[in-house]
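Read the structure below first, then the notes.
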Amino acid sequence: MKEIKKDLIYLFEDIIEHDICDRILNFYNTNYTNGINDISQLPWFEENTHYWNQLYNTPIGEDIKICRDRMLESCKDAYNVECFSNVTTLVMWKPGKLMAAHHDNGYENDKDIFFMREYTGVLYINDDYTGGETFILKEGTDEEEISYKAKKGSLLLFRSDETCKHGVKKVLKGNRLTLSMWYTTDKNHEEGKW
């Protein structure tokens, strides 16, 4: 574990074996790839996002479970809290995709939906693309503090609130596949285990 910013941002390199990442990527490319790539839309509006309840009973279900378990343990270790997975998504970011700076625990119009999110984890399934770096802003500013170039099998963890506004730089070439997880300390908002 590498502490990038105390109590806020942590990096775990190589927490998932490359063969697991490769199986997930190959399964995604074989079963979920579609021709949709409207750069004005985020991936979840184009059927390029798949949730845990859609993945657990597929040939990669066990691999995704291994990833989820290690991601959850990493969050517990980094923040020294008892936490639970709230939502897990496998997301394909195609060329031209990007996401502006935001935080993950809700805004005035959707706070009642996302308020329970306390930590965010992004597991990088591949790194054979250009662009698509995850960036995190310096707290309270629009100034970029961290820009992380993906390393296959690595996990970036950060707080879900306004202390870690973050986004995704434009993917320039290739496809970026990530497994994202949001964590909560409230067991009542735990994602189903199936």
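Quick one: check the C-alpha center-to-center distance for the range 32-74 versus the range 107-133, whole angstrom.
With the range 32-74 and the range 107-133 each reduced to a Cα centre, they are spaced 13 Å.
Which cross-chain or sequence-distant (5 or more) residues have an amide H under 5 Å from the amide H of Val87, H modelled 1.01 Å from N in plane?
HN-HN under 5 Å from Val87: Trp182.
What is the set of long-range amide H partners of Ile4 at a cut-off below 5 Å, with H atoms built 1.01 Å from backbone N?
When sequence neighbours closer than 5 places are left aside, the close amide H contacts are Ile9, Tyr10, Leu11.
What's the carbon and sulfur percent of the chain's accessible surface, probe 1.4 angstrom, rounded to a whole number?
It is 48 percent, rounded to a whole number.
Please give the length that would be gained between Lys173 and Val81 if that part of the chain were fully extended, namely 0.36 nm times their separation in residues minus their C-alpha to C-alpha distance (nm, one decimal). Write out the running numbers ahead of the final one.
Details: separation 92, 0.36 × 92 = 33.12 nm, distance 3.79 nm.
Using 0.36 nm per residue and subtracting the Cα-Cα distance, I get 29.3 nm.
Hey, what do the phi angles of the range 101-108 turn into as Karplus ³J(HN,Hα) couplings, whole Hz, using 6.51/-1.76/1.60 and θ = phi - 60°, x for Gly and Pro?
With coefficients 6.51, -1.76 and 1.60, one gets 4, 7, 10, 9, 9, x, 10, 3 Hz.
According to the square roots a ≥ b ≥ c of the eigenvalues of the Cα gyration tensor, what is the shape class of the chain, taking rounded for a/c under 1.5, prolate for a/b larger than b/c otherwise, and oblate for the remainder?
Values: a/c = 1.33, a/b = 1.12, b/c = 1.18.
Verdict is rounded for the chain.
In nm, what is the difference between 0.36 nm times the number of residues separating Asp22 and Trp44 and their Cα-Cα distance?
Values: separation 22, 0.36 × 22 = 7.92 nm, distance 2.20 nm.
Using 0.36 nm per residue and subtracting the Cα-Cα distance, I get 5.7 nm.
Using label points projected 7 Å from each Cα along Cα→Cβ, tell me how many nm separate Thr33 and Glu144, to one decimal.
Result for the modelled spin labels: 2.9 nm.
Full extension from Glu190 to Thr58: what is 0.36 nm times the residue separation minus their Cα-Cα distance, to one decimal in nm? Walk me through the numbers on the way to the answer.
On the way: separation 132, 0.36 × 132 = 47.52 nm, distance 2.13 nm.
This chain segment gains 45.4 nm when fully extended.
Ordered by residue, what ³J(HN,Hα) values in Hz, to whole numbers, does the range 149-165 give under the Karplus form 6.51 cos²θ - 1.76 cosθ + 1.60, where θ = phi - 60° and Gly and Pro are x?
After applying 6.51 cos²θ - 1.76 cosθ + 1.60, I find 8, 4, 10, 3, x, 9, 10, 10, 10, 7, 5, 8, 8, 5, 5, 10, 4 Hz.
About the Cα centre of the range 143-194, how large is the charge dipole given +1 on each Lys and Arg Cβ and -1 on each Asp and Glu Cβ? Please answer in debye to the nearest 20.
Around 540 debye, computed over the range 143-194.
Taking only DSSP H segments of four or more residues, each worth -39500 (n - 2.57), what value at 222 nm results for the chain once the sum is divided by all its residues, to the nearest 500 deg cm²/dmol? Let's see the in-between values first.
Working: 4 runs with 41 residues, N = 194.
When only DSSP H runs of four or more count, the value is -6500 deg cm²/dmol.
Under 8 Å for C-alpha pairs, at least 6 residues apart: give me the relative contact order for the chain, rounded to a whole percent.
30 percent
The values are calculated or read from the model by the stated rules, or taken from the named source; none is laboratory data. As the structure is a prediction and not an experimental result, all values here were calculated from the model. Ideal geometry is used to build each Cβ from the backbone, glycine not excepted, and the neighbour counts take in all protein chains shown. All accessible areas refer to the heavy atoms of the entire protein, side chains included, with ligands and DNA or RNA removed. Shrake-Rupley method; radii C 1.70, N 1.55, O 1.52, S 1.80 Å.
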